[in-house]
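Below is one structure, written out as structure tokens; the observations come after it.
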Amino acid sequence: MNIHHKRSLKRTGPIVPSSSLSIKPPPNFLTFPCKPQSAPSPMLSALQSPPATSTALGLPLLPCELLHEILFRLPLPDLHRLRSVSHHLSALVSSPDFRRLYHLNSSLSSSSWLFILSKRPPRESILRGFHSSSSLWCFRFPLLSLQPFDDPYFLAASGPFFLFASNSRRDLVSIHLPSGSIHRVPPSPLGPCGTSSWRRSALKLTADPNSHRFRFLFAEMYNSLPYLFEYRSDTATWHASEAVFASSGRRYDSDPLNVYLHLAHTGTESLVLCTGPRTNGPLLLRPRFTENPLGPDRLHVYGDGNMAIIKSVPMEEGSSRVRVRTRVLTGIELWGISSDGTEWVLKSRVCREMIEGIKKPYGVMMGCMAEREGVVRLVLMSNCRGAWDLVWLSYNRAQTQWRWIPVPDCGTKGLNMAGIALSSTFSRLWPAPAGEQCK
């Protein structure tokens, strides 16, 4: 087994906390297109075009309970547009009490977001967000408006927190967007790392929904031994723990609260680190396939204890003089870890009709996957001749159904992509009340 790092590992003593830099958030930290790519909700249209009569009942004059019931049915981007309708609605939507009630009561508050970081040389870096319920690219955030940033790479998102790595500075930076607070994460016990050292399948960012705190976890091999490294923003310290095999005295329990970090895959066997409330420390799982799933025609995407196997075939395009070799999707399979943690189990296949609708020629492809509340979300990002394409699929375990969420182009042709992530708890992204700080 390869050793990824050969630096000295400090296993005792806390890491010296880094200071948090609190800055004023830029005025356009959440912007929306002037011309939506799809029609706004009927309720929003009514608010923007009230009937021309002096006896009409304005929406702000409705009883508070009824007004809340109406607003709870709106997705988050529409709520932000309401802030420009009237001072009354702006104050209501921005209030801490409404934010809390919306998060607890709205079925749309848990709608998923897709975030990508696009870069245009020499220094333009823009974080863009797509909202699944609104079917809109309704989030656009230029990173250069927050200093200091140098050659950022987007690693992960959870709630209002976004984590970036800097290749030139070899450090990690988190942003709490509602307050505009920047927090520099101190180097891990393995020392400073460049962007190439971070593997998306082996890291996890989790935000505390009840406070301005987060945890960042990643798994790595050190001296051929599996380790879990965990950073907590409330104490600004790192902790390292060696993982043990699940068969050596500790029982593995499948739990929705478990965090799964993929370490490696060789032949028919994977190494997956699992940690959770009932694991009593990190466990090392070794799920196996009955046959080798690797091959030149297959791409693996990992996330939250799942594996997506993307199958494709080569093809050639162009004239007789200039031929371009590309690939085309032929199938997608979803696999999960068995209840005892020893096998990969086939959960579902995407139907042929859906594959026909989403397949396009591509030169390169990457992906990300996340699961929340029994729904697995898979996003594949591919490039062909400088044009980017995004495919978003979700699988509902209870209904055993796949769903395709069309993602429109957001003007990224010719740009460089520097990271992609899914987040299901972004509904708390409101401007922070005065005096509210990030820890």
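The values are calculated or read from the model by the stated rules, or taken from the named source; none is laboratory data. Small disclaimer: the values here were computed from a predicted structure and weren't measured. So basically every Cβ, Gly included, is an ideal-geometry build from the backbone, and we count neighbours across all protein chains shown. Each accessible area value is taken on the protein alone, full model and side chains, heavy atoms only, with ligands, DNA and RNA left out. Shrake-Rupley method; radii C 1.70, N 1.55, O 1.52, S 1.80 Å.
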Starting from the residue with the highest accessible area, list E220, E230, E343 in decreasing order, probe 1.4 Å. E343, E230, E220
Compute the length gained on full extension between R278 and S95: take 0.36 nm times their separation in residues and subtract their Cα-Cα distance, giving the result in nm to one decimal. 62.1 nm
So how do C138, C384, C351 rank on accessible area, 1.4 Å probe, biggest first, that is with the largest at the start? C351, C384, C138
Net +/- balance of residues flanking R170 in space, Cβ distance below 11 Å, scoring K and R +1, D and E -1: -2
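To the nearest 0.05, how large is the calculated FRET efficiency for L257 and N396 if R₀ is 22 Å and r is the Cβ-Cβ distance?
0.65
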Relative to the present Cα-Cα distance, how much length would full extension add between T237 and E373 at 0.36 nm per residue of separation? 45.9 nm
Of the listed pairs K204/K360; K311/K347; K204/K347; K204/K311, those with alpha carbons more than 19 Å apart are K204/K360; K204/K347; K204/K311
Can you compute the modelled spin-label distance between R325 and E69, with each label point 7 Å from Cα toward Cβ, in nm? 6.3
Of the accessible area of region 105-237, computed with a 1.4 Å probe and all protein chains kept, carbon and sulfur make up a percent value of 47
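What does the charge add up to near T290, with Lys and Arg as +1, Asp and Glu as -1, over the other residues with Cβ less than 13 Å from its Cβ?
-2
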Can you give me the relative contact order of region 168-264 as a percent, contacts being Cα pairs under 8 Å and 6 or more apart? 20
When the label point is put 7 Å from the Cα of D340 along its Cα-to-beta-carbon vector, which residues of region 280-303 have a backbone N closer than 16 Å? 285-290
Charge context of G374, other residues only, Cβ under 15 angstrom, K/R +1, D/E -1: +1
For S134, the accessible surface traced by a 1.4 Å probe with all protein chains present amounts, in square angstrom to the nearest 10, to 20
